[in-house]
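Below is one structure, written out as C-alpha cells, with a few remarks after it.
The values are calculated or read from the model by the stated rules, or taken from the named source; none is laboratory data. Owing to the predicted nature of the structure, the values given are computational and were not obtained by experimental measurement. Neighbour counts run over all protein chains shown; Cβ positions are idealised from the backbone, glycine included.
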Amino acid sequence: MWQPEPGWLAMPGGTGTSTVGVWRTVLGDQPVVVKRLARPTGGDPRELSDPHHPAYWRRAADVLAGGLVVDTPGLRSDPQAALEEDADGITLTQAWVEDAANSGLFVARCLGGFAGARLSGPALATDQLRHRMARVERGGGWRTLARTTVADVAEHLWGRRSVLLAELDALPQVAQHGDPTPANLPGRAGDDVVAVDWGTLGHGPVGSDLGFYALQAREELDPLVEAYLLGLPPGLATAEQVRRGARVTAVLTALNRAEWALARVAGGEGALAGKFRHPAVAPHLRALQRQATHIEALLAG
C-alpha cells in the first residue's frame, strides 16, 4: 500500500473525495508538492469514474501529464510535473509555486483571458454548478437556511434554481479552471497567473469562474467584472453576459456554502442563531452578506 515518505509535511485541507493527501517536500534542492489520488473502488460514488463529472478522480493528473494548460492564456500550470501510477492510484509531483500576492483585479483579468483558451481533451468537466446544486437537492435543499432570517430569499431562489441554471446554459460556454480560489491561483509568470489544482478543468458559462473567485476576493464583484472584461477576447461575450454568469454563480454558491456550514453545527446544543459566529460558519455568512445587491438583482428577475 502506498504511504507518504517520512518527513513530508502534510498540507492543510489536502484531502477530498479522491485526494488521499497533499504534502510538501524537497527533491534534491527543488521544493515540490506531492498529491496522492486514490483510484475509485466498487463502493465509491459513480461520478468519480465519469470523465465529464467535476469529481472525476484522475483529471488533475491527466491535465498535467498531457500539458493541456502549460501555454494557455491568462492561467497556466507550471510545466514541471511528474506522475507515477499504480494499482491503487496516482502520485502526482509538481514544483512548489511561490505565492506572488496577486491582486484580485490581476487575477480577474487573467480569468478573462483564460476564458478564451481552446481546450481539448477526453476528460474535461461540464455542468459544474448544476452538479453541485443536484447534490444539495439530494440533501434536502437549503433546509437549514429556512430557519434563518434569509428564509424567504432562500426559498424564492431555490424555487428558481432551474431557471437560473438554464440562464447559465444559454450563456457562451468557455474554458474554466473550475476551482479558482485564491489558494489555487498563487503564482505569476509575466502577465499570467500560475495556477494549481486543475482537477475541475473544463467548460462552463462565461463569468462563472469569476463569480466563484469573487466569494473569497477582497474586491467587490463589479470591479472584478470590469477587470475580467479587459482580459476577455473581443466578441466572446458581452459585459451583461459576464455579469450574469458571475452573479448567478456567486449567489448560488454562497447559499450552498452557507447551508453546508450551518447544517454541520445545527444539531449541536443551543439555538441556531447562537452559532452564526462559529469560526466554521461566520466566513460563509459574511460571504453571503456581501452578495446582498446581487441577490436583490436575482430576486428582481
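The number of residues in the stretch 114-137 that are closer than 27 Å to Ala273 by Cβ and out of contact with any Leu (no Cβ under 7 Å at 6 or more places or on another chain) comes to 4. Of the set (1) under 25 Å from Ala300 (Cα atoms); (2) in a helix (DSSP H, G or I); (3) in contact (Cβ under 8 Å) with a residue 24 or more places away in the chain, all apply to Glu240 but (3). In the stretch 263-276 there is at least one residue that is outside any helix (DSSP H, G or I) and among the acidic types (Asp, Glu).
Taking first residues from the stretch 8-36 that are closer than 14 Å to Asp197 by Cβ and partners that are modelled with pLDDT of 90 or more and among the hydroxyl-bearing types (Ser, Thr, Tyr), the Cβ contacts under 6 Å between residues at least 6 apart in sequence or on separate chains come to Val34/Thr93; Arg36/Thr91.
Within the stretch 76-94, residues that are free of Cβ contacts under 8 Å to residues at least 60 places away in the same chain and charged (D, E, K, R) reach partners that are surrounded by fewer than 18 Cβ atoms within 10 Å (Cβ to Cβ) and part of a loop (DSSP other than H, G, I, E, B) with beta carbons closer than 9 Å, at six or more positions or on different chains, in the pairs Glu85/Arg39.
Scanning the stretch 87-118 for residues that are of a type in the set (Phe, Trp, Tyr) and out of contact with any His (no Cβ under 8 Å at 6 or more places or on another chain), we see that the one that is surrounded by the most Cβ atoms within 10 Å (Cβ to Cβ) is Phe106. When the stretch 180-205 is limited to residues that are charged (D, E, K, R) and either free of Cβ contacts under 8 Å to residues at least 24 places away in the same chain or within 19 Å of Tyr228 (Cβ to Cβ) (or both), the one that is surrounded by the fewest Cβ atoms within 10 Å (Cβ to Cβ) turns out to be Asp191. A search for C-beta distances below 7 Å between a residue of the stretch 107-118 that is touching a residue at least 12 places away in the same chain (Cβ under 8 Å) and any residue that is of a type in the set (Asp, Glu), counting only pairs 6+ apart in sequence or on different chains, returns Cys110/Asp192; Leu111/Asp209. Once the stretch 1-53 is narrowed to residues that are hydrophobic (A, V, I, L, M, F, W, C), over 19 Å from Asp86 (Cα atoms) and assigned to a loop (DSSP other than H, G, I, E, B), the residue that is farthest from the chain's Cα centre (by Cα) is Trp8. Residue count for the stretch 204-231 satisfying the condition of being outside any helix (DSSP H, G or I) and farther than 20 Å from Glu167 by Cα: 6.
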